[in-house]
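Take a look at the structure set out below.
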Amino acid sequence: MDNTLQERARTTRRSLLEAAALLFAEQGYAGTSVNDISARSGRTSGAVYFHYASKEGLAIAVVEGQFSTWPGLAARYTDRAEPPLEKLVALSFEIAHALAEDTLARAGARLWAERDTIDARVPDPFGLWTTATTRLLAQARTDGHLAARVRPASTATSLVRAFFGLCTLTEALEGPHTVADRLADWWLLTLASLQHRPDPATLLTRARPRRS
């Protein structure tokens, strides 16, 4: 009986989270009410408050749910046999694809952008990606692929912020269908200053098809 109740609770939580993510992605935090989430999920508003305590609690759960999938994504690009700059570019296309197509990722990104309207601390995603990018740039330097003037830590900070800004603005101005092309254009410019022997077009050709 306990197992049955636990499974029902998990199912309810999952349905509420999915409904909230869809609505947050479409309407934003301020434009979504607990009643909206209740109606979309087919659950009562009491279920929302029982499982998540508040709309703020649901918003944080959506953001944390998005972030929880990203370490696994980054882990797919840890093979040292593959050139680190290629891994970095390939990973960026994976993230961009998720931000454009995955409801949880889209909701998490929008909620973080609207964090000032949420009466709770929204987790910061950028530390994870800055650390992963720093590691890949440091490996590129060790392997002799990085331009001598490039400092991995400070460069990683700039790359991560520029990347997320590019994805956000492109989607807002042109829609998600153009994000990959704009990202490719950005990498052609950026790799020219990162590579020890600049050949951004060749690297991009090798890395971009990895996006699933």
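Numbers for the structure displayed
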| quantity | calculated |
| --- | --- |
| Apportionment of accessible area to carbon and sulfur, the chain, percent (1.4 Å) | 53 percent |
| In Hz, Karplus ³J(HN,Hα) per residue of the stretch 159-168 (6.51, -1.76, 1.60; θ = phi - 60°; x = Gly, Pro) | 5, 5, 5, 5, 4, 5, x, 4, 4, 5 |
| Largest-first ellipsoid semi-axes for the stretch 133-185, taking √(5λ) over the Cα gyration tensor eigenvalues, angstrom | 27, 11, 8 |
| Distance from the stretch 144-212 to the stretch 1-23 (C-alpha centre basis), Å | 38 Å |
| Where N is the number of residues in the stretch 112-212, Cα Rg divided by 2.2 N^0.38 Å | 1.21 |
| Solvent-accessible surface ranking, highest first, for Arg10, Arg149 at 1.4 angstrom | Arg149, Arg10 |
| Residue among His196, Val160, Ser38 farthest towards the positive dipole end of the chain, charges placed on Cβ | His196 |
| Linear extension gain, Thr4 paired with Phe50, 0.36 nm per residue minus alpha-carbon span | 14.8 nm |
| Between 0 and 90°, nearest 10: helix 84-101 axis offset from the chain longest Cα axis | 30 degrees |
| Dipole in debye (nearest 20) - the chain, about Cα centre, beta carbon charges: Lys, Arg +1; Asp, Glu -1 | 500 debye |
| Ser193/Arg115 FRET efficiency (R0 35 Å; Cβ-Cβ; nearest 0.05) | 0.65 |
| Three principal axis lengths of the chain [C-alpha, angstrom, descending] | 60, 41, 29 |
| Distance cut-off 12 Å, percentage of C-alpha pairs in the stretch 172-212 lying past it | 61 percent |
| Sum of -39500 (n - 2.57) over DSSP H runs of 4+, divided by residues of the chain (222 nm, nearest 500) | -24500 deg cm²/dmol |
| Radius of gyration and maximum dimension Dmax of the stretch 1-73, Cα, Å | 12.5, 39 |
| Other-chain or far-sequence residues with amide H under 5 Å of Gln195's (modelled H) | Ala147 |
| Å² of accessible area per residue within the chain, as computed with a 1.4 Å probe and no ligands counted | 52 Å² |
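The values are calculated or read from the model by the stated rules, or taken from the named source; none is laboratory data. Owing to the predicted nature of the structure, the values given are computational and were not obtained by experimental measurement. Here the Cβ is made from the backbone with ideal geometry for all residues, glycine too, and neighbour counts use every protein chain on show. Just the protein is used for accessible areas: all its heavy atoms, side chains included, with ligands, DNA and RNA removed. Shrake-Rupley method; radii C 1.70, N 1.55, O 1.52, S 1.80 Å.
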